[in-house]
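Q: Below is a structure I'd like to ask you about.
The values are calculated or read from the model by the stated rules, or taken from the named source; none is laboratory data. No experiment lies behind these values; they were computed from the predicted model shown. Counting neighbours? That spans all protein chains shown, and the Cβs are built from the backbone with ideal geometry, glycine included. These area figures cover heavy atoms from the full protein model, side chains too; ligands, DNA and RNA do not enter into them. Shrake-Rupley method; radii C 1.70, N 1.55, O 1.52, S 1.80 Å.
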Amino acid sequence: MKFVSYWHDTAPAFAGASVAPPEGRVDVAVIGGGFCGLSAALALAKRGARVAVIEAGQVINAGSGRNGGHCNNGFSPSFSVVVERYGLQRATALYRAFDAAVDGVERLVAEEGIACHFRRSGKLKLAVKPSHYEAMQQSFEQLHRHADPEAVMIPPAELGAEVHSGSFHGGMVMPKSAQMHMGEFGLGLAEAAARRGVRVFENTRMTKLRRLGGTRYRVETDKGVLEAGQVLLASGASMQSPLFFRRRIIPIGTFIVATEPLSDEQVAGFLPGRRNVVTTANVGNYFRITPDNRLLFGGRTRFALPGEGSDAKSGRMLEARLREFFPQLKDIRIDYCWGGIVDVNRDRLPRAGERDGLFYALGYSGHGVQMSVEMGGRMAAIMSGETVANPFEDLPWPPVPGHFGPPWFLPLVGLYYRFKDGMK
Ligand SMILES: Cc1cc2nc3c(=O)[nH]c(=O)nc-3n(C[C@H](O)[C@H](O)[C@H](O)COP(=O)(O)OP(=O)(O)OC[C@H]3O[C@@H](n4cnc5c(N)ncnc54)[C@H](O)[C@@H]3O)c2cc1C
């Protein structure tokens, strides 16, 4: 078994990084070479800006190159939860922003000619308990009427067209959702940005941001110093971002395994719908089929951060769950296992805007493939002085009490959710 991301292992590495260290002046410094930072850098360069991307590792080495491969419409909480918190009008607008983000990814793929197996697969949300199906049905009425008229409920008796498993009690399909090869997409974005003159500094860590006045910042890195007219913080779940953001964003580990390539008959025997799948459990799972017919199967498992040993432990738990859902796969081999960190907000919605002259877009809460690309583009327009809607700008954003960086409380949260999942 390989302990590397399947997306990293099956896409060529980016070869366009700058060899010289970062120094001098740029119009914009982007901190983070994930989807958000690269999309912003590309959009800024298209507007004629001199842009530098500062990336601590290699491009898409974090969430953007380690995710479950879903480019879904819809946000992380259920629609009814967001309606309750922010009202129907706001919830509908936020939901539509996620629709627009999937459209935006599709457009970018076409415009830049990125070969990444983009496909509108649809998303299937599966109820793991009969009571979850009932709750889903109630939320569906509102969702269907106000935000997603294409969504359809799949009663338990009709689930066979989508999935063959005794573990589920009905579901809902959202057809607008898509999937793609995340490594190929990330490489395509980085190459498109480099083609437009963006300088990408890999293996270069931002160590300090010092405000010079207005939106001007001195960006100190472990390789050199840049002066930037504007800075965009697109550093995901980084525990090295300024304290204001660390107090609001909880880094949570999530893990994935990928099987050996399967035959079309094997796939038809457990997931004939070939959609992006998520389950309703609190400690839930997400899965899909890759372009080369592997089952890529993820979940939160242990509420631990990824790392040596931790990935393997989580991988074994995922493997057991995969075989529990699909006993027909009991003999298939697991080829890949890896983990990553998601940047979770308390209300599980992103935040983007400007604070102390510093622009930021973070907190995608595990639903960032589409929205990080979208917000990168929108922040680029806003930073260029254009009037563009920012759907997350004015949402309240209080700090998480007692949280200053490392998430000490996660094992307790994990225990609580596991207890809830165990109840009928
Ligand atoms: C295992 C896993 C599964 C997921 N599954 C899905 C999914 O199926 N669908 C979905 O929509 N979303 C999913 N997500 C979330 C999604 O991948 C992210 O929301 C999205 O990629 C965020 O992109 P980003 O550019 O904001 O951040 P990232 O991709 O995290 O990029 C941030 C970058 O900033 C760099 N950085 C941080 N600090 C510094 C510093 N001080 N100096 C320089 N560089 C720095 C990091 O190295 C990193 O490369 C998943 C995430 C994980 C981890």
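Q: Give the residue, chosen from Ala40, Ala49, that is touching a residue at least 40 places away in the same chain (Cβ under 8 Å), open to solvent by 10 Å² or more (accessible area, probe 1.4 Å) and over 19 Å from Gly339 (Cβ atoms). Give the steps one after another, and end with the answer.
A: Values: Ala40 fails: open to solvent by 10 Å² or more (accessible area, probe 1.4 Å).
Result: Ala49 is the single residue among Ala40, Ala49 that is touching a residue at least 40 places away in the same chain (Cβ under 8 Å), open to solvent by 10 Å² or more (accessible area, probe 1.4 Å) and over 19 Å from Gly339 (Cβ atoms).
Q: Of the numbered conditions (1) open to solvent by less than 40 Å² (accessible area, probe 1.4 Å); (2) assigned to a loop (DSSP other than H, G, I, E, B); (3) of a type outside the set (A, V, I, L, M, F, W, C), Gly183 fails exactly one; give the number of that condition.
A: With respect to (1) open to solvent by less than 40 Å² (accessible area, probe 1.4 Å); (2) assigned to a loop (DSSP other than H, G, I, E, B); (3) of a type outside the set (A, V, I, L, M, F, W, C), Gly183 is out only on (2).
Q: Do we have Ile60 as touching a Leu at 6+ places or on another chain (Cβ under 6 Å) and either more than 30 Å from Arg274 (Cβ to Cβ) or crowded, with 24+ Cβ neighbours inside 10 Å (or both) here?
A: On the way: touching a Leu at 6+ places or on another chain (Cβ under 6 Å): no; either more than 30 Å from Arg274 (Cβ to Cβ) or crowded, with 24+ Cβ neighbours inside 10 Å (or both): yes.
No; evaluated as a whole, the condition is false for this residue.
Q: Still on this model: I'm checking my understanding of the structure. Among residues of the stretch 276-288 that are part of a loop (DSSP other than H, G, I, E, B) and touching a Lys or Arg at 6+ places or on another chain (Cβ under 6 Å), which one is surrounded by the fewest Cβ atoms within 10 Å (Cβ to Cβ)? Steps first, please.
A: Just the residues of the stretch 276-288 that are part of a loop (DSSP other than H, G, I, E, B), to begin with: 280-284.
Then keep just the ones that are touching a Lys or Arg at 6+ places or on another chain (Cβ under 6 Å); that gives 282-283.
Details: Asn282: 16, Val283: 18.
Among them, the one singled out is Asn282.
Q: Using beta carbons and a limit of 6 Å, which pairs, at least six apart or on different chains, have the first residue in the stretch 370-391 and farther than 12 Å from Val28 by Cβ and open to solvent by 40 Å² or more (accessible area, probe 1.4 Å) and the second one among the β-branched types (Val, Ile, Thr) and not in a loop (DSSP other than H, G, I, E, B)?
A: Close Cβ pairs (under 6 Å, with a partner that is among the β-branched types (Val, Ile, Thr) and not in a loop (DSSP other than H, G, I, E, B)) amount to Val388/Ile382.
Q: Could you tell me whether Lys313 is of a type in the set (D, E, K, R), touching a helix residue (DSSP H, G or I) at 6+ places or on another chain (Cβ under 7 Å) and surrounded by fewer than 22 Cβ atoms within 10 Å (Cβ to Cβ)? Spell out how you get there, then give the answer.
A: On the way: of a type in the set (D, E, K, R): yes; touching a helix residue (DSSP H, G or I) at 6+ places or on another chain (Cβ under 7 Å): no; surrounded by fewer than 22 Cβ atoms within 10 Å (Cβ to Cβ): yes.
Here the answer is no, as Lys313 does not meet what is asked.
Q: Is it true that some residue in the stretch 289-304 is among the hydroxyl-bearing types (Ser, Thr, Tyr), near the ligand (Cβ under 10 Å from one of its atoms) and open to solvent by 10 Å² or more (accessible area, probe 1.4 Å)?
A: First pass over the stretch 289-304, keeping only residues among the hydroxyl-bearing types (Ser, Thr, Tyr): 290, 301.
From the residues that got through so far, the ones that are near the ligand (Cβ under 10 Å from one of its atoms) too are none.
Checked against the condition, which is being among the hydroxyl-bearing types (Ser, Thr, Tyr), near the ligand (Cβ under 10 Å from one of its atoms) and open to solvent by 10 Å² or more (accessible area, probe 1.4 Å), the stretch 289-304 yields no hits at all.
Q: Only one of these is among the β-branched types (Val, Ile, Thr) and over 30 Å from Val4 (Cβ atoms): Val198, Val173, Val163. Name it.
A: On inspection, the qualifying residue turns out to be Val173.
Q: Return the pairs, sorted by first residue and then second, in which the second residue is in a helix (DSSP H, G or I), the first residue lies in the stretch 129-146 and is small (Gly, Ala, Ser), the beta carbons are less than 6 Å apart, and the residues are 6+ apart or on different chains.
A: What qualifies is Ser139/Phe79; Ser139/Ser80.
Q: Scanning the stretch 342-365 for residues that are surrounded by fewer than 21 Cβ atoms within 10 Å (Cβ to Cβ) and among the small types (Gly, Ala, Ser), which turns out nearest to the ligand (Cβ to nearest atom)?
A: Gly353
Q: Also: Kindly list the number of the only condition in (1) among the polar types (S, T, N, Q); (2) closer than 26 Å to Pro149 by Cα; (3) open to solvent by 20 Å² or more (accessible area, probe 1.4 Å); (4) not in a helix (DSSP H, G or I) that fails for Asn73.
A: (3)
Q: Next question, about the same structure. Which numbered condition trips up Leu226, out of (1) modelled with pLDDT of 95 or more; (2) open to solvent by less than 10 Å² (accessible area, probe 1.4 Å); (3) over 30 Å from Ala381 (Cβ atoms)?
A: Failed condition: (3).
Q: Does at least one position in the stretch 61-83 carry a residue that is out of contact with any Pro (no Cβ under 8 Å at 6 or more places or on another chain), more than 14 Å from the ligand (Cβ to nearest atom) and at pLDDT 95 or above?
A: Yes, the stretch 61-83 has at least one match.
Q: Going through the stretch 38-70 one residue at a time, which ones are part of a helix (DSSP H, G or I) and over 20 Å from the mean Cα position of the chain (by Cα)? Write out each step before concluding.
A: From the stretch 38-70, those part of a helix (DSSP H, G or I) are 38-46, 63-65; that's our starting set.
Hits for the stretch 38-70 are Leu44, Ala45, Lys46.
Q: Can you find even one residue in the stretch 68-87 that is more than 21 Å from Ser365 (Cβ to Cβ) and of a type outside the set (D, E, K, R)? Explain how you work it out, then say what you get.
A: We begin by selecting, within the stretch 68-87, every residue more than 21 Å from Ser365 (Cβ to Cβ); these are none.
Checked against the condition, which is being more than 21 Å from Ser365 (Cβ to Cβ) and of a type outside the set (D, E, K, R), the stretch 68-87 yields no hits at all.
Q: Inspect the stretch 196-213 for any residue being of a type in the set (A, V, I, L, M, F, W, C), over 25 Å from the mean Cα position of the chain (by Cα) and within 14 Å of the ligand (Cβ to nearest atom) and give the result as yes or no.
A: Kept after step one, since they are of a type in the set (A, V, I, L, M, F, W, C), are these residues of the stretch 196-213: 198, 200-201, 206, 209, 212.
Imposing the further condition that a residue be over 25 Å from the mean Cα position of the chain (by Cα) reduces the set to 209, 212.
Of the ones still in play, those that are also within 14 Å of the ligand (Cβ to nearest atom) are 209.
Looking for residues that are of a type in the set (A, V, I, L, M, F, W, C), over 25 Å from the mean Cα position of the chain (by Cα) and within 14 Å of the ligand (Cβ to nearest atom), one finds at least one in the stretch 196-213, hence yes.
Q: Now for a different question. Go through (1) within 16 Å of the ligand (Cβ to nearest atom); (2) open to solvent by less than 20 Å² (accessible area, probe 1.4 Å); (3) not in a strand (DSSP E or B) one by one and return the number of the condition Ile332 breaks.
A: All conditions are met except number (1).
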